Amino acid sequence: MRLRRIGAVAAGVLFGFGAAAQGSEVIVFGDSWANRLSGPLRQTIIDEGHSDIAVLNEGVEGARADELASSDPSIGLPYIESVLNANPDAQIAHLSIGGNDLFDGILFINNDSIVNELLNRVVGDTEAIVRHMLQVRPDIEVYHSGYDFLQPILFFDPARVNEVMLDLDSRLAALADTIPGYTYEGYYGFAQITYGIPDLGIPPGDPSLPRIDQPSPDFTFVDEIHYTAAVFAVFADELYVRYYDEALASTECIADVNGDGDLTPTDFSAWIGAYNSSAPGCDQNGDELCTPTDFSAWITNYNLGCPQ
Ligand SMILES: [Ca+2]
Ligand SMILES: [Ca+2]
């Protein structure tokens, strides 16, 4: 359907000016997974129409949970606190941590008592990090993404490595149940389900997946513990579907059509432009259609203002 073009018409809109955005809305803390998922996550969030949501990458390659939970001003709790305070618009603190702690103990992976002690310590450190974040900024949500099955080399049995990681996964899920504002989600089996296991003749999405006795498919990893850049991009889309889509909807400023984070008169001409090109910003009443009724809906949304 071709829409009738309209020009800029005078409208009885009371224009106000929104406050300028301060800092990033999403801050990614943690390890190399945090570091490597940040860029793709930012791109996915833009692609999904949230170009006003900035993602700050605070991921540090090799970072451990005990380092983030420490009083070290360069990486520990005081540092996390300073970053949160410097970004008053932050709505989500995204956390990826604990993998390096486990990796450092991999030589003892068959010793149940050492593994149990290590998992307890990682969960305790994670709790300290999360509680500190929520104490500094009770208004934010902490989203903790877990890992996928790794690509262990040498003599390590993938089934045992997966077992230990799934043990951590269930302990973190249990921890999240006890802390309001903290959400944990593991992604174990994501690469297997998405790409299949070609070496075993298992296609993507096969009902036998995930196979907890198998590593992630070798071509999805660049080394033992990291996806390739291409797979991190697909992983970011999955993070969006599972978490960010809904999390960002509650903070969405739909009348901010040009997506600069402010509600200003320029959004009116941006809406006209969106209408004329049937761009996503046109649909202001959420019926998934771009019609003239969206004009009065934009005025309503504008006057409602945006969440700060
Ligand atoms: Ca705007
Ligand atoms: Ca509409």
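The values are calculated or read from the model by the stated rules, or taken from the named source; none is laboratory data. From a predicted model like this one, the values you see are computed outputs, not experimental measurements. Note: ideal-geometry Cβ built from the backbone for every residue, glycine included; neighbour counts use all protein chains shown.
Here are a few things to note about the model shown:
- Looking across region 251-285, the residues that are part of a loop (DSSP other than H, G, I, E, B), under 30 Å from residue 93 (Cβ atoms) and either within 10 Å of ligand 1 (Cβ to nearest atom) or free of Cβ contacts under 8 Å to residues at least 12 places away in the same chain (or both) come down to 253, 255, 256, 257, 258, 259, 260, 261, 262, 263, 264.
- Evaluated against (1) in a loop (DSSP other than H, G, I, E, B); (2) buried (at least 18 other Cβ atoms within 10 Å of the Cβ), residue 153 falls short on exactly one condition, (2).
- Of all residues assigned to region 289-301, none qualifies as being β-branched (Val, Ile, Thr) and at pLDDT below 90.
- Within region 286-307, the only residue that satisfies the criterion of being within 16 Å of ligand 1 (Cβ to nearest atom) and in contact with a helix residue (DSSP H, G or I) (Cβ under 6 Å, 6 or more places away or on another chain) is 298.
- Test result for residue 236, within 15 Å of ligand 1 (Cβ to nearest atom), among the small types (Gly, Ala, Ser), under 19 Å from residue 51 (Cβ atoms) and in contact with a helix residue (DSSP H, G or I) (Cβ under 9 Å, 6 or more places away or on another chain): no
- Of all positions in region 236-246, none carries a residue that is assigned to a loop (DSSP other than H, G, I, E, B) and either more than 16 Å from ligand 2 (Cβ to nearest atom) or buried (at least 18 other Cβ atoms within 10 Å of the Cβ) (or both).
- Every condition in (1) at pLDDT 95 or above; (2) among the hydroxyl-bearing types (Ser, Thr, Tyr); (3) not in a helix (DSSP H, G or I) holds for residue 170 except the one numbered (3).
- Options 41, 56; residue that is in contact (Cβ under 8 Å) with a residue 40 or more places away in the chain and of a type in the set (A, V, I, L, M): 41
- Residue in region 208-220 that is part of a helix (DSSP H, G or I), buried (at least 19 other Cβ atoms within 10 Å of the Cβ), over 24 Å from the mean Cα position of the chain (by Cα) and not basic (Lys, Arg) present: no
- Looking across region 92-121, the residues that are more than 25 Å from the chain's Cα centre (by Cα) and among the acidic types (Asp, Glu) come down to 104, 112, 117.
- Among the residues of region 133-185, the one identified as among the aromatic types (Phe, Trp, Tyr), touching a residue at least 24 places away in the same chain (Cβ under 8 Å) and farther than 17 Å from residue 96 by Cα is 156.
- Restricting attention to region 248-263 and to residues that are surrounded by fewer than 16 Cβ atoms within 10 Å (Cβ to Cβ) and of a type outside the set (S, T, N, Q), the residue that is modelled with the highest pLDDT turns out to be 249.
- Matching residues, region 271-286, being more than 13 Å from residue 254 (Cα to Cα) and within 11 Å of ligand 2 (Cβ to nearest atom): 275, 278
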